[in-house]
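I have a structure here, written as structure tokens, and I will follow up with some questions on it.
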There are 2 protein chains.
Amino acid sequence: MDKIGYYVKFRARTGQRDALVKILLQAAELTQDAPGCELYIVNTTPSEDDVVWVTEIWSSAADHTASLSAPGAKELIGQALPLLAGPPERIDLHPTGGVGLHT
Amino acid sequence: MDKIGYYVKFRARTGQRDALVKILLQAAELTQDAPGCELYIVNTTPSEDDVVWVTEIWSSAADHTASLSAPGAKELIGQALPLLAGPPERIDLHPTGGVGLHT
């Protein structure tokens, strides 16, 4: 299975989490039509007020890489960066199966 | 939105990761018919050989709780526990939107 997944942790500057969520939801809209995008879910977490987690699954690493240069992607990244308290952290995943995974 | 999500991190005893993946995939099959189960994806990760991450989304916390007492759930938990090097860790999430989220 070539599918790849990511948990991406964004830490917003104090008071900027909701603005960051808004931008990441725009990124989700943009990503919706990107080839190979199977999951791009934006989450807050009750355990850390400034953190936003994005759950991603792509049909291949190449599809993910291509999406980063899709029209509008760079602009959104440019809008998000000033809101961040530090660089995003990423957990790389290999989805093996389960409920909700495209087969 | 009442939906809740989890990233659950399981650390297997050395050499037991694949056996743990098998059990968690059986749990996914069991969970498939559980009311409110929207996502239950079992992942390995290239960064930690003994770790298995499960991505979950439920329509409500109550649905998730109910699933833990579904027929067969306790048996699977009983099979998984001896394979673990320690208790699972869980990141609680509130999905806000994105691609692949049931609306």
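Could the peptides B:36-42, B:89-95, A:95-101 be put in order, highest first, of the mean number of other beta-carbon atoms found within 10 Å of their residues? Walk me through the numbers on the way to the answer.
Values: B:36-42: 23.4, B:89-95: 17.4, A:95-101: 20.7.
Highest mean packing first, the order is B:36-42, A:95-101, B:89-95.
Just report the Cα centroid separation between the range A:76-103 and the range A:13-27, whole Å.
Using only Cα atoms, the two centres lie 14 Å from each other.
Also: Where does the charge balance sit around residue A:85 when Lys and Arg score +1, Asp and Glu -1, over other residues with C-beta under 13 Å from its C-beta?
0
Given contacts defined as C-alpha pairs under 8 Å and at least six residues apart, what's the relative contact order of the range A:10-93, whole-number percent?
Averaging sequence separation for qualifying contacts and normalising by length gives 41 percent for the range A:10-93.
Which value results when the Cα radius of gyration for the protein assembly as shown is divided by 2.2 N^0.38 Å?
On the way: Rg = 16.9 Å, N = 206, 2.2 N^0.38 = 16.7 Å.
Relative to the 2.2 N^0.38 Å estimate, the protein assembly as shown comes out at 1.02.
With a 1.4 Å probe, what is the total accessible area buried between chains B and A, in Å² rounded to the nearest 100?
Approximately 2500 Å² gets buried when B meets A.
What value, in deg cm²/dmol to 500, does the helix sum -39500 (n - 2.57) over DSSP H runs of n ≥ 4 give at 222 nm once divided by the residues of chain A?
-9000 deg cm²/dmol
What is the local net charge at residue B:7, summed over the other residues whose Cβ is closer than 14 Å to its Cβ (Lys, Arg +1; Asp, Glu -1)? Don't skip to the end; give the middle numbers.
Numbers: positive: A:9, A:90, B:9, B:11, B:90; negative: A:48, A:56, A:89, A:92, B:48, B:56, B:89, B:92.
Spelling it out: positives minus negatives among the neighbours equals -3.
May I pose another question? Counting only heavy atoms of the protein chains, get the accessible area per residue of chain A (1.4 Å probe) and round it to a whole Å² value.
Here the residues of chain A average 50 Å² of exposed surface.
Let me ask something else. Please give the helix A:17-32 orientation as an angle from the longest Cα principal axis of chain A, in degrees from 0 to 90, rounded to the nearest 10.
On a 0 to 90 degree scale, this one is about 30.
Something else about it: Accessible area drop of at least 50 Å² (1.4 Å probe, protein heavy atoms): which residues of the range A:79-94 qualify, relative to the chain alone?
Those residues are A:94.
Quick one: give the max-minus-min coordinate of the C-alpha atoms of the range A:4-93 along each principal axis, largest first, in Å.
The Cα atoms of the range A:4-93 stretch 34, 26, 19 Å along the principal axes, largest first.
Give me the lysines in straight-line cross-link reach of residue A:3: C-alpha distance below 22 Å, same-chain residues under 8 apart excluded.
Candidates past the 8-residue exclusion: B:9, B:22.
Give the ranking of A:102, A:64 by solvent-accessible surface, highest area first, calculated with a 1.4 Å probe.
A:102, A:64
Would you work out what percent of the accessible area of the range A:4-93, with all protein chains in place, is carbon or sulfur (probe 1.4 Å)? Display every interim value, and only then the final one.
Working: 2390 of 4340 Å².
Looking at the range A:4-93 in its full context, I get 55 percent from C and S.
The values are calculated or read from the model by the stated rules, or taken from the named source; none is laboratory data. The model shown is predicted, which means the values in this text are computed figures rather than measured ones. Counting neighbours? That spans all protein chains shown, and the Cβs are built from the backbone with ideal geometry, glycine included. SASA here: full protein model, heavy atoms, side chains in, ligands and nucleic acids out. Shrake-Rupley method; radii C 1.70, N 1.55, O 1.52, S 1.80 Å.
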